[in-house]
Amino acid sequence: MAIAHDYLTQRGGAERVVLTLMKAFPEAAVHTTLYDPEGTYPEFAHADVRTSPLNRVEALRRDHRLALPLLAPAASRMRVDADVVVASSSGWAHGFATPGRTVVYCHNPARWLYQTDEYLGGTAWRSPLGPPLLALRPFLKRWDRRQAGQVDVYLANSRVVQQRIATTYGRAAELLPPPHGMDAAAPREAIPELAGWDPGYALVVSRLLPYKNVDAVIEAVRGTGRRLVVVGRGPEEARLRATLPDNVRLLGGLSDGQLRAAYADAGVLVAASHEDFGLAPLEAAAFGVPAVALRGGGFLETVLEGETGIFFDRPTPEDISAALAVSDHHGWDGDRLTARAEDFGEARFIERIRSIVLDAGRST
């Protein structure tokens, strides 16, 4: 049994899924192209992580997007000697070679190939990464679809992704929502940057990428008395910091204990991104915190309108601000929120993934 993942260079929902897979299969090694211990969750330091030769290049570990032209051949040369490989994939891990069977937990077919403009935050040719990506795209699509055809079992994290797998690869996929992985009862740690801030602020937990629309959330609170905490890292960080208003704090590199504290003291979570699965509202709900979320994608599967959150229709400052005002005057039921989070608990996920892998192993 082995686990595979695209690259362990950041902290996000996909990486949390790998941590849960490690709990489900504690003896399994984790195979990945790139591993940056400082950029991802510290729990991986205790795992048997095996990397590609690309990992020797520090610049690629720091920014995996620089490795884009090299990742397909690197993934093809990754060999995982196991009877069954569970691949957590949004682009590369489904292409690792193995003599056994492959079960792919798909977070999304490669967004940079099939949703390029959305991934880059605008028309591709206007982005510095756009022209080289467009030039590589025909080759990468052929590679991607060829590797997908060799997968034995596909799992989808949401109905949106389930449909994309069918459209992109012509494959059926079982729906298996990921666990939120946030233990509200675990210890919390103080956040020095929030010293003097009272509870009740708005919170964003997101990678800082164009399609996450964090800039629209910041604009929604600019010039108001509403305080906003943004937790995340990414290519947009420098641009966002350059004009950050006094009522907004942008925090990166929080420990899990600090992230739990950020959730616990929040009054509302704001989720304005185009997501394949709406994980952050479930993490917030575990602490009894409602969400204001974009009406679309995975949020439609995790946010119950009027019960655990409020939707807005466009990721604009005006729509976000209006939804926040509605949330302020809504009577939220903390018990209902925590119950919703429990629907997506880790134990349920582990039980199902173990069953699927067992069935796959019997087929070898």
field: Solvent-free Debye scattering, log10 I(q)/I(0), computed from the Cα coordinates of the chain at q = 0.10 Å⁻¹
entry: -0.61
- request: Taking the Cβ of each residue in 219, 342, 275 as the centre, tally the other Cβ atoms inside 10 Å and list the residues starting with the fewest.
  value: 342, 219, 275
field: Surrounding net charge for residue 170, when Lys and Arg each add one and Asp and Glu each subtract one, Cβ distance under 12 Å
entry: +3
field: Dipole magnitude of the stretch 191-253 about its Cα centre (Cβ charges: Lys, Arg +1; Asp, Glu -1), debye to nearest 20
entry: 100 debye
message: Among 298, 261, 272, whose Cα projects farthest towards the positive end of the dipole of the stretch 243-334, with charges put on the beta-carbon of Lys, Arg (+1) and Asp, Glu (-1)?
response: 261
task: Would you pull out the residues with amide H under 5 Å of residue 31's amide H, same chain only if 5 or more places away, H placed 1.01 Å from N?
output: 3, 4, 5, 50
message: Return the Rg/Rh ratio of the stretch 192-342 with Cα-based radii and a Kirkwood Rh.
response: 0.92
query: Which residues' amide hydrogens lie under 5 Å from the amide hydrogen of residue 80, considering only partners 5 or more residues apart or on another chain, with H built in the peptide plane?
result: 97, 98
- prompt: Dipole magnitude of the stretch 192-342 about its Cα centre, charges +1 at Lys/Arg Cβ and -1 at Asp/Glu Cβ only, in debye to the nearest 20?
  reply: 420 debye
- prompt: When 96, 287 are ordered from fewest to most other Cβ atoms inside 10 Å of their Cβ, what list results?
  reply: 287, 96
- request: Measure out, as a whole number of angstrom, how far apart the alpha-carbon centroids of the stretch 176-207 and the stretch 143-172 sit.
  value: 33 Å
- request: Note down the magnitude of the dipole of the chain about its Cα centre, charges +1 on Lys and Arg C-beta and -1 on Asp and Glu C-beta and zero elsewhere, to the nearest 20 debye.
  value: 1400 debye
statement: Computed ³J(HN,Hα) along the stretch 227-242: with the Karplus parameters 6.51/-1.76/1.60, θ = phi - 60°, integer Hz and x for glycine or proline, the list is 8, 10, 10, 10, 10, x, 9, x, x, 7, 4, 4, 5, 5, 5, 4
message: Give me a comma-separated list of calculated 3J(HN,Hα) values for the stretch 87-101, in order, Karplus coefficients 6.51, -1.76, 1.60 applied at θ = phi - 60°, integers in Hz, x for any Gly or Pro.
response: 9, 7, 9, 10, x, 10, 5, 5, x, 5, 7, 7, x, x, 9
- prompt: Once amide H atoms are placed 1.01 Å from N in the peptide plane, what residues at a sequence separation of 5 or more from residue 204, or on another chain, have their amide H within under 5 Å of its amide H?
  reply: 229, 230, 231, 270
Order by protection proxy (mean Cβ within 10 Å, highest first), peptides 104-115, 179-190: 104-115, 179-190
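Laboratory data are not the source of any read-out in this text; all were calculated from the coordinates shown. Keep in mind that what you see is a predicted model, and the values were worked out from it rather than measured. A quick note on method: Cβ atoms are made from the backbone with ideal geometry, for glycine too, and the neighbour counts reach across all protein chains shown.
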